[in-house]
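Let me begin by presenting the structure, written as structure tokens, before commenting on it.
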Amino acid sequence: MSVPLLRPFPGLRPAPRHAAQVAAPPYDVLSSDEAKVLAAGNPLSFLHISKPEIDLPVGTDLYSPAVYAKAAENLTSLIAQGVLVRDAKPCFYVYRLGMGEHVQTGIVGGGSVAAYDVNRIRKHEFTRPDKEDDRVRQIDSCDAQTGPVLLAHRNHPDLKAAIAAVTKAPPAYEVAAVDGNTHAIWVMDDAAMLNTVTKAFDAMPAIYIADGHHRSAAASRIAKARRESAGKDAAHESFLVVTFPIEEMKIFDYNRVVKDLNGLSAAEFLTAIEGEFTVEPVAAQARPAAPRSLGMYLKGQWYRLGVRNPPPADPVARLDVSLLSDRLLGPVLGIADLRKDKRIDFVGGKRGLGELEKRVDSGEMAVAFALFATSMEDLIAVADAGQVMPPKSTWFEPKLADGLVSYPLDWR
């Protein structure tokens, strides 16, 4: 039996009165220390599951068996207390995410592992084995997928109609996160509507991973390991996803800061980059207003850089992040591997250009580069071509919350 591209499942969710206490930031945006502070005095916080080291002695190895065992113990405890409750039958869930005036509304479901394996759920990043291993162990220990993968899809009229119908009623719960973003969940359990939504997704040639490549890869590994002892339609053949219409997604810029000028003086550096970029000093922050334009902050001065030569047609090579790397970071500053070179760091655009100024003015960094945000269409072009983006090419906001819906792996 083939598994649909997206299918309903009996979600494990907080009882409405506990939703605000349970909801937590994604596990990978907080350090252990930050998570411990945020969860202090709140035993119901999902951080006790997603960052269980906060309940273990300081200095515990983050990848020790005790950490994964603690996650499972804490999850079991919240279920036993009735804080987390499993729905009686498979459902889809509508997730509305708000950040200021920006709102995006999508579907929570079980994404097909088989579709991921054949690249119908399409990737645009490499994964690291150590991070995959961590997610595999966490999922295996909890027997549940507790961290949703963020996906994007091209909208479909039947999906729009189903979401509109469900959201006429009040949500099952709505919570405000510590960053001020809002998260609302509706339960979609009408059989006819579930069938309509399933068919709408099945009609799509592909949907796209925005954030969560390691969680997706881990789900595939879990399914492969468990497949021999269960049928093809078992719970492990799907993984927890939240998918939003492409036009509602918001990508911020992902900027770069570099520790030194590779032995060059500031004047020598400016001369060295003029072959590939126009260089114009400006009085204010040089926030790029369009692709192929970059901002640069050096010794208290902002510059506007323009790409001199036309970008190539290749969907990866034409990205602004690639043009910066291929025409400046590599040949001038000697930074060839963004993943490994410790001279470069990355700053999510939500922190603003003031953060770039701060890092340079403090002397920690020598130069900063502000980029125009990668577009969703650029991401899709890369994924459709079966290629991968450079590291730190996209910064999605607002972020999903952990704990609002989890995917148990023991349902049939």
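The values are calculated or read from the model by the stated rules, or taken from the named source; none is laboratory data. Please read all numbers here as calculations on a predicted model, not as lab measurements. Using ideal geometry, Cβ is built from the backbone for each residue, glycine included, and neighbour counts are taken over all protein chains shown.
When region 80-101 is filtered for residues that are loosely packed, with under 15 Cβ neighbours inside 10 Å, more than 25 Å from residue 165 (Cβ to Cβ) and either touching a residue at least 12 places away in the same chain (Cβ under 8 Å) or under 25 Å from the mean Cα position of the chain (by Cα) (or both), the ones remaining, listed by number, are 82, 100.
Considering every residue within region 226-238, establish whether at least one is outside the structural domain of residue 342 (by TED's automatic domain parsing), surrounded by 20 or more Cβ atoms within 10 Å (Cβ to Cβ), in a strand (DSSP E or B) and over 15 Å from the mean Cα position of the chain (by Cα). So far as region 226-238 goes, yes, one or more of its residues are outside the structural domain of residue 342 (by TED's automatic domain parsing), surrounded by 20 or more Cβ atoms within 10 Å (Cβ to Cβ), in a strand (DSSP E or B) and over 15 Å from the mean Cα position of the chain (by Cα). Residue 45 fulfils the conditions (1) in a loop (DSSP other than H, G, I, E, B); (2) under 30 Å from residue 165 (Cα atoms); (3) touching a strand residue (DSSP E or B) at 6+ places or on another chain (Cβ under 7 Å) except for a single criterion, (2). Restricting region 246-284 to residues that are closer than 30 Å to residue 103 by Cβ and touching a Gly at 6+ places or on another chain (Cβ under 7 Å), which is surrounded by the most Cβ atoms within 10 Å (Cβ to Cβ)? Out of the qualifying residues, it is 255. When each of 63, 27 is tested for being in contact (Cβ under 8 Å) with a residue 12 or more places away in the chain, surrounded by fewer than 17 Cβ atoms within 10 Å (Cβ to Cβ), within 22 Å of the chain's Cα centre (by Cα) and over 21 Å from residue 174 (Cβ atoms), the lone residue that passes is 63. Against the conditions (1) at pLDDT 95 or above; (2) surrounded by fewer than 21 Cβ atoms within 10 Å (Cβ to Cβ); (3) among the charged types (D, E, K, R); (4) farther than 30 Å from residue 92 by Cβ, residue 337 satisfies every one except (1).
Residues that are outside any helix (DSSP H, G or I) and touching a residue at least 60 places away in the same chain (Cβ under 8 Å) were ranked within region 188-204; the one that is surrounded by the most Cβ atoms within 10 Å (Cβ to Cβ) is 188.
Looking only at residues in region 373-385 that are in a loop (DSSP other than H, G, I, E, B) and under 19 Å from the mean Cα position of the chain (by Cα), the one that is surrounded by the fewest Cβ atoms within 10 Å (Cβ to Cβ) is 375.
Between 163, 207, 185, which is touching a residue at least 12 places away in the same chain (Cβ under 8 Å) and touching a Phe, Trp or Tyr at 6+ places or on another chain (Cβ under 7 Å)?
185
Return the only residue of 359, 343 being at pLDDT 95 or above, more than 19 Å from residue 124 (Cα to Cα), surrounded by fewer than 20 Cβ atoms within 10 Å (Cβ to Cβ) and touching a strand residue (DSSP E or B) at 6+ places or on another chain (Cβ under 9 Å). Matching residue, one of 359, 343: 343. Remark: pairs (first residue in region 133-146, hydroxyl-bearing (Ser, Thr, Tyr); second residue at pLDDT 95 or above; Cβ separation under 7 Å; 6+ apart in sequence or on different chains) = 141/68; 141/69; 141/71; 141/72; 146/49; 146/50; 146/402; 146/406.
Pairs please, first residue from region 218-229 and of a type in the set (D, E, K, R), second anywhere and part of a helix (DSSP H, G or I), Cβ atoms under 8 Å, 6+ apart in sequence or on different chains. These pairs meet every condition: 221/132; 221/136; 226/236; 227/236; 227/237. Identify the residue in region 1-24 that is among the basic types (Lys, Arg) and touching a residue at least 40 places away in the same chain (Cβ under 8 Å) and, among all such residues, is nearest to residue 69 (Cα to Cα). Looking at residues that are among the basic types (Lys, Arg) and touching a residue at least 40 places away in the same chain (Cβ under 8 Å), I get 13. The strands (runs of 3 or more DSSP E) falling completely within region 245-341 include none with 3 or more residues that are in contact with a Lys or Arg (Cβ under 9 Å, 6 or more places away or on another chain) and among the polar types (S, T, N, Q).
Residues that are of a type outside the set (A, V, I, L, M), at least 3 per element: which strands (runs of 3 or more DSSP E) completely within region 51-117 meet that? In region 51-117, 92-99, 102-112 are the strands (runs of 3 or more DSSP E) which contain 3 or more residues that are of a type outside the set (A, V, I, L, M).
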